[in-house]
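Down below is the structure, laid out as structure tokens.
Bear in mind these aren't lab numbers, they're just calculated from the coordinates by the rules spelled out. Predicted model, so just to flag it, every value in this text is computed and none were measured. Every residue, glycine as well, gets a Cβ built from its backbone with ideal geometry; the counts of neighbours run over all protein chains shown.
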Amino acid sequence: MTRVHAELAAPGTCGAGYNTLRFDDEVTRYSFYRNFFDPYAREWQGGNSRWDLIDVVRAAYALRPEGIVWPEQDGRVTLKLERLTAANGIDHGQAHDALSDVRATIALARLIREKQPRLYDYLFTLRTKQKVQEHIHLMKPLVHISGRFSAARSYLGVVLPLAWHPHNRNALIVCDLHLDHSPLLQCDAETLKQRLYTRLDALKEGELPVPLKLLHINRCPVIAPLGVLRSEDQQRLKLDMAGYQARAAQLSESLEVWQDKLQVLYGKDDFVASEDP
């Protein structure tokens, strides 16, 4: 781990991978901690950063798909690394072999940078939370790309930043404007809290999901102003921009109805100490 840490902690290093942010990076943090290295410093000290190419690929697919072949599986796009490399003539060697995957990821990044350089350069700036914050204005809709949005939606959502998380300064509470926002206006806070963590297939008949999501500014989120959506993109993605704007306007006009509910939804739960020895 000493050699790994030396490489990743070198000043100016950006540690990047494919779908690494929520797994590989966590393993790296734990490994550094177990070996008495600061688990986080290599991600920000000395001009360092981290980046996940899977969200770059999702953004290219949703916003600027031209110039790249997008493979399908069972009638839907698949963004598996081995399928993307095969479809685009990239040598992948043996898929899931660590070194082969690294080389394939680099080649795929180069392809996106070649075909969509402006998008690539813009997304590269979102490695730091300071740059991400520059694009965020409460109650002003944004385009957000995330794996939380389905492939059927091209991983894209038009979201409305509602408020900063009351206890996590790196988390922004946003409303997914693709979904019915009426639960925020009609349900009490406890009902919302219960429903927020209920799977869609477990909701009772007639119950609408809570259209809220946390956007973490320190996890290289893909966000962009609405202007990134060209008219042809709106048609291709079947976006109801007028409907999204109408929902945003209604939420903006009813702040007093839902603001306090967010404090209950995302407030700290009371901790009850166990008396079991």
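Could you go through segment 190-203 and let me know if any residue there is among the hydroxyl-bearing types (Ser, Thr, Tyr) and closer than 30 Å to Glu43 by Cβ. Within segment 190-203, one or more residues are among the hydroxyl-bearing types (Ser, Thr, Tyr) and closer than 30 Å to Glu43 by Cβ.
If the condition is being touching a helix residue (DSSP H, G or I) at 6+ places or on another chain (Cβ under 8 Å) and closer than 14 Å to Ala248 by Cα, then segment 141-172 contributes Pro141, Leu142, Val143, Val158, Leu160, Leu162, Ala163.
When you check Asp121 against the structure, is it among the charged types (D, E, K, R), surrounded by 15 or more Cβ atoms within 10 Å (Cβ to Cβ) and not in a loop (DSSP other than H, G, I, E, B), yes or no?
no
Just checking, does segment 86-107 include any residue being in a strand (DSSP E or B) and over 30 Å from Gln45 (Cβ atoms)? So far as segment 86-107 goes, no, none of its residues is in a strand (DSSP E or B) and over 30 Å from Gln45 (Cβ atoms).
So Phe36 passes all but one of these: (1) part of a helix (DSSP H, G or I); (2) more than 30 Å from Arg236 (Cα to Cα); (3) among the aromatic types (Phe, Trp, Tyr). Which condition number does it fail? So Phe36 meets the others, but not (1).
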